[in-house]
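Below is one structure, written out as structure tokens; comments come after it.
The values are calculated or read from the model by the stated rules, or taken from the named source; none is laboratory data. Owing to the predicted nature of the structure, the values given are computational and were not obtained by experimental measurement. Methodologically, a virtual Cβ is constructed for each residue, glycine included, from the backbone with ideal geometry; neighbour enumeration extends over all protein chains shown.
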Amino acid sequence: MVSVEYIRVLDRKGRLLLPKEWREKYARYRLVRVRIEGERIIIEPVRLEDFSDETDFVDSRLKSDGRGETRPRLVWGDF
């Protein structure tokens, strides 16, 4: 596995913009896990199967915009 590092600029509100290609490839469901390790901020994609033990309902498809795209909806809690 090849490791690659990038230097990105935060906007004035401290947000990090991930390029569209990265989001499509690594964060397909728009979910990421952010972990702090010492002085490092680690951002990892989260797959829906990662939540199968923690959710009561996973992967309900909703229309999100006029382009007909769908996004998963995760619901936590007792039903």
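Listing for the model above:
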quantity	calculated
Of the criteria (1) in a loop (DSSP other than H, G, I, E, B); (2) modelled with pLDDT of 60 or more, which one Gly68 fails	(2)
Selection count, region 28-48, where residues are modelled with pLDDT of 85 or more and more than 8 Å from the chain's Cα centre (by Cα)	10
Near pairs, Cβ below 6 angstrom, 6+ apart or cross-chain, from region 26-42 (free of Cβ contacts under 8 Å to residues at least 60 places away in the same chain and within 19 Å of Arg15 (Cβ to Cβ)) to any residue that is aliphatic (A, V, I, L, M) and in a strand (DSSP E or B)	Val32/Ile43; Val34/Ile43; Arg35/Ile42
Scan of region 1-33 for residues that are of a type in the set (A, V, I, L, M, F, W, C) and surrounded by 10 or more Cβ atoms within 10 Å (Cβ to Cβ), ordered by number	Leu16, Leu17, Leu18, Trp22, Ala27, Leu31, Val32
